[in-house]
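Right, one structure below, let's go through it.
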């Protein structure tokens, strides 16, 4: 793939190459020998090929660069002049161990208790004689009438039962009573028939529980088959509160955990409940986990659809904390710049845990009492990369391959390759030029277009430099 630059673009790319070094390069004090032994010369785009003497690269229009014997990240830290520290406004923060009993706040919405549901159905085929004046969303008392049904099968079975009562045949009478039950007559109606001796041809369907009439599927004059659904009633003695919790906090949730809810409708009131269940499926759009809380509702003031602010209590736990702003997240690992005193700073890989307000828990990599850079650490990290400093790895943390950074301007994107007019890769002693780079993942190219200013981080491989990180810069070329 070939990318062509206009003269003005080429001039600007060259200027970017001259300025691509970080602000700290001129001020970093490193003990370097005036005569550094050279192991070999190489082309940064073909690092596997070594040459015994300097000269032009046979692969690119550039000079070979030396590989010194003391390179490879042997220097343990950077030394920064105190005046530079002051000018950059660098701040230090202590690594501290604290007992955290933080409460988690979230929002939620009230919903019906789907376990307290009554479905009213016909027991036999019949006709609707009357519908009482109810509509969906009405609040019903237990035993409230819903509809009157005429059921011909029941009428015939009752007449047969009454005819057998006077002939003194207990076995036949028991069989007739069993037929009434099999026809679907409620036990209360059978007892009334035995007591009064008068058949009931119309059955008044009533609400089996108190609650909200969610559905009413019956109208006067309808004919209904056996098992037809007439109504759905939801109890209100308890309601569910469904709360969305960030998935990063999901490990702290457990059934029976205490919850306090505050509703705008009842300002100043606290309603206590407990987590009934942590639902198994997360929300893919908001990256949250849903929690179901059960709240008592004896006065039926809580209405499904209302919103609530929820506070979940946590048990106090000891944690090692650093300011969140001090953590540098590269996508593959997290690190901090550790202050070692006398102006020395060293990158250290850490393993992070939970976040508490503006602090982040450190699981491995630091100790209480150490100091980390909380402001200006990105400049130090950039300089450490250019100097080739190795990152101190926390226990059980696998260090990532060394990355080499440069700034440049996008000149084209084609076939998964990034055309870049870049400044020097100083950690490789590679000068600025215009060339095409492969990328570790084509997703890195999303949103990029020609003319964008970027900072890239590349890894050396047997196939040359491969770009693994791309950061868009605010300025334009």
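Throughout, read-outs are computed from the coordinates displayed, never taken from laboratory work. On a predicted model such as this, the values are computed, not experimentally measured, just so you know. No Cβ is skipped: glycine too gets one built from the backbone with ideal geometry, and neighbour counts run over all protein chains shown.
Relative to the current alpha-carbon distance between residue 219 and residue 311, full extension at 0.36 nm per residue lengthens the span by 28.5 nm.
Comparing Cα centroids, region 111-152 and region 430-464 end up 69 angstrom apart. Annotation: for a label point projected 7 angstrom from Cα along Cα→Cβ of residue 119, residues of region 191-208 with backbone N closer than 19 Å are 205-208. Here the peptides 152-161, 237-246, 440-449 are ranked by packing, the mean other Cβ count within 10 Å, and the order with the highest first is 237-246, 152-161, 440-449.
Packing-based ranking of 108-119, 355-366, 420-431 yields 420-431, 355-366, 108-119, ordered from highest to lowest mean Cβ neighbour count within 10 Å. Estimated at 0.36 nm per residue, the fully extended path between residue 91 and residue 163 surpasses their Cα-Cα distance by 15.9 nm. Report note on the peptides 265-271, 293-299: ranked by the mean count of other C-beta atoms within 10 Å, highest first, their order is 293-299, 265-271. Could you calculate the FRET efficiency of residue 356 with residue 153 from 1/(1 + (r/R0)^6), where r is the beta carbon distance between them and R0 is 51 Å, rounded to 0.05? Approximately 0.15, to the nearest 0.05. Principal axis extents of the C-alpha atoms in region 118-234 (largest first, rounded to whole Å): 51, 25, 20.
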